[in-house]
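Notes to accompany the following structure.
The values are calculated or read from the model by the stated rules, or taken from the named source; none is laboratory data. In this text the structure is predicted, and so the values were computed from the model without any measurement. For neighbour counting, all protein chains shown are included, and Cβ atoms are generated from backbone atoms with ideal geometry for every residue, glycine included. The accessibility values were calculated without ligands, DNA or RNA, using every heavy atom of the protein model including side chains. Shrake-Rupley method; radii C 1.70, N 1.55, O 1.52, S 1.80 Å.
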Amino acid sequence: MKKVILTYGTFDLFHVGHLNLLQRLKALGDCLIVGVSSDAFNESKGKKTIIKFEDRLKIVQSIKYVDMAISEDNWEQKISDIRNYNVSTFGIGDDWKGRFDHLNQYCDVVYLPRTDGISSTKLKNAIKTLDAEHIESLNQAFKLLSSIVVNFK
């Protein structure tokens with residue numbers, strides 16, 4: 001019998017942490033199904049994505065560890081997806097530890113460690129610091145440092 005693994009995520013600003021999670025999940029079974037949170041679902045959670053849903057879905061579908069990518073449209077669909085796809089294991093990052101324990105009555109639930117030092121939130125925060133005001137401040141600092149270096153020689 002095929003062992004089906006299911007996970008969900010937004011997968012905005014796809015990075016190596018996402019890839020590591022999908023690789024570890026795929027190693028748990030024969031088939032990995034990934035639910036990608038739709039833009040509407042993210043908005044209902046108060047999240048704003050940078051990459052639109054269709055592109056995030058296409059990116060996830062292209063990952064060699066992923067056998068199928070589906071749309072995640074609400075919290076409640078997890079149980080129906082587990083039943084419809086005959087899922088044996090639901091897996092997700094350990095930042096969600098305990099939040100999906102209620103799914104244990106339908107399948108095994110595992111929480112896998114995140115990749116240290118990277119997250120979409122960290123990337124978004126880094127991008128925010130590069131707004132026009134900050135870039136101008138950096139330019140002024142570089143000009144000042146350049147003049148100091150030139151005068152120092």
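Can you pull out the residues in region 62-117 that are of a type in the set (A, V, I, L, M, F, W, C), in a loop (DSSP other than H, G, I, E, B) and either open to solvent by less than 30 Å² (accessible area, probe 1.4 Å) or touching a helix residue (DSSP H, G or I) at 6+ places or on another chain (Cβ under 7 Å) (or both)? Hits for region 62-117 are Ile63, Val66, Val87, Phe100, Cys107.
Residues in region 19-48 that are free of Cβ contacts under 8 Å to residues at least 60 places away in the same chain, under 17 Å from Gly93 (Cβ atoms) and in a helix (DSSP H, G or I): Leu19, Leu22, Gln23, Lys26, Asn42. Just one residue in the set Ile51, Ile59 is in a loop (DSSP other than H, G, I, E, B), open to solvent by 30 Å² or more (accessible area, probe 1.4 Å) and modelled with pLDDT under 95; that residue is Ile51.
Listed by first and then second residue, the pairs linking a residue in region 100-111 that is under 14 Å from Tyr8 (Cβ atoms) to a residue that is assigned to a helix (DSSP H, G or I) and of a type in the set (Val, Ile, Thr), with Cβ atoms under 9 Å apart and 6 or more places separating them unless they lie on different chains, are Leu103/Ile79; Leu103/Ile82; Cys107/Ile82. All told, Val16 meets the bar of being touching a residue at least 12 places away in the same chain (Cβ under 8 Å), surrounded by fewer than 14 Cβ atoms within 10 Å (Cβ to Cβ) and of a type in the set (Val, Ile, Thr).
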